[in-house]
Each structure stands twice: as structure tokens, then as C-alpha cells.
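Only one structure is covered here, and it is reproduced in the block below.
The numbers here are math on the coordinates, done by the rules we state, and not lab data. Not measured: the values here are computed from a predicted model. Don't worry about glycine lacking a Cβ; one is built from the backbone with ideal geometry, like all the others, and counts go over all protein chains shown.
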Amino acid sequence: MIFREGDLLWAEISRAHQFTERLQGLLGINALTEAQGLLLIPCGSVHTIGMRFPIDVIFLDSSMRVRACHPEVQRWRWRGCWTAHSTLEVSAGGVRRHAIKPGQYLQWRAHL
């Protein structure tokens, strides 16, 4: 789960720590719901080559502070942030829906 100041933003967040998990990412998935996403750790750049749908990409530092947001990243694109420690991939529209902006702090919890 991803929270901001106690408010639940995304309820179904998977974490990818292992190289093979990060390499697989969201490939092979047909879509994400508004509640789903993937937190890649460590990760400072992503691509959408071979993906079937656009995503929002949120780069975070080691304190989970938002460093950069890239909404509506279409298929066959690349995004990176040299100050990022991890990357949150969510369904397209999530950044706008939750008004995510650089400088905000997010929190990850496995469950309540």
C-alpha cells in the first residue's frame, strides 16, 4: 500500500527487489486497476518497451520523497531520474488523480 500523509493512494502495490522481478516488471500484464502498482527497488530508470498500456511513473529517493513524475508514459518509451532510489509504476491517471508532485513524501506499507 502507498500512503501520503495517512491517506491511502494505492492499495495493491507489489514490490520488486530481485533483478529478475525488476526485469519482468509489468511485462505480460494486460492492465492495472486504479488501486494497483509496482514499486521497483532499486530503480532509477524504466522503459515501456513491450508493454500493452500507458503508465504513470513516479521516481522516489531513499526517503520515499517524490523526485519526478511522468504521467501517461506511452508504450515504447524510456524515463529516468539520476537522483531516484526507487520507482513506482501505477495506472495512467494516478499522478493526476492523487495530485502527486515532486517534494511530497509517500509511505509504503506491506499491509495494515
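Things worth noting here:
- Sites Lys101 and His17, calculated FRET efficiency, Cβ-Cβ separation with R0 22 Å, nearest 0.05: 0.25
- Options (i) 6.9; (ii) 6.5; (iii) 6.1 - which one matches mean projected area of the Cα convex hull in nm² as calculated here: (iii)
- Sparsely packed chymotrypsin sites (Phe, Trp or Tyr not before Pro) within the stretch 60-112, loop by DSSP, other Cβ within 10 Å at most 15: Trp76, Trp82
- Normalising the average separation of contacting C-alpha pairs (under 8 angstrom, six or more residues apart) by the number of residues puts the relative contact order of the stretch 2-108 at 30 percent.
- Proportion of all alpha-carbon pairs of the stretch 60-112 beyond 16 Å (%): 44 percent
- Spin-label pair Phe3-Thr83: with each label point 7 Å from Cα along the Cα-Cβ axis, the two points sit 2.6 nm from one another.
- J(HN,Hα) series, the stretch 64-76, from Karplus relation 6.51 cos²θ - 1.76 cosθ + 1.60, nearest Hz, glycine and proline x: 6, 7, 5, 9, 7, 10, 10, x, 6, 6, 6, 4, 6
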